[in-house]
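As structure tokens, the structure follows; a few thoughts come after it.
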Amino acid sequence: MRQEILAAALSAILPGVGQLYNHHWVKGVGFLTAVLIVSAMMRRGMLLAGSMSGMAWLLLIVLFGVAIWSVADAYRSAKPA
């Protein structure tokens, strides 16, 4: 139970880190890459628009969804000791 909670907590801090902790390298790098790309797109859109545009809100929802998915996947895929 401890490994599952630690993996989920790590993914809550930074999506993908829980997968890396679980030794699921491809999934971990995938989640990290997705979060970095979506957050960069969101920041760029906010800088160009000067405020939260509709696209920035959509990207924020996507970012939140990826984060939740990462936490759930890290918890589910952790192997108990």
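Quick look at the values:
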item: Condition met for L59 (modelled with pLDDT under 95 and assigned to a helix (DSSP H, G or I)); result: yes
item: Residues that are in contact (Cβ under 8 Å) with a residue 60 or more places away in the chain, under 12 Å from V71 (Cβ atoms) and of a type in the set (S, T, N, Q), drawn from the stretch 1-37; result: S11
item: Residues (in contact with a helix residue (DSSP H, G or I) (Cβ under 9 Å, 6 or more places away or on another chain) and among the small types (G, A, S)) located in the stretch 11-51; result: S11, A12, G16, G18, G28, G30, A34, S39, G45, A49
item: Near pairs, Cβ below 7 angstrom, 6+ apart or cross-chain, from the stretch 55-66 (in contact (Cβ under 8 Å) with a residue 24 or more places away in the chain) to any residue that is aromatic (F, W, Y); result: V66/F31
item: Qualifying positions in the stretch 2-55 - part of a helix (DSSP H, G or I), more than 14 Å from the chain's Cα centre (by Cα) and surrounded by 19 or more Cβ atoms within 10 Å (Cβ to Cβ); result: M42
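The values are calculated or read from the model by the stated rules, or taken from the named source; none is laboratory data. Computed from a prediction, not measured in an experiment: that's the story for all the values here. Using ideal geometry, Cβ is built from the backbone for each residue, glycine included, and neighbour counts are taken over all protein chains shown.
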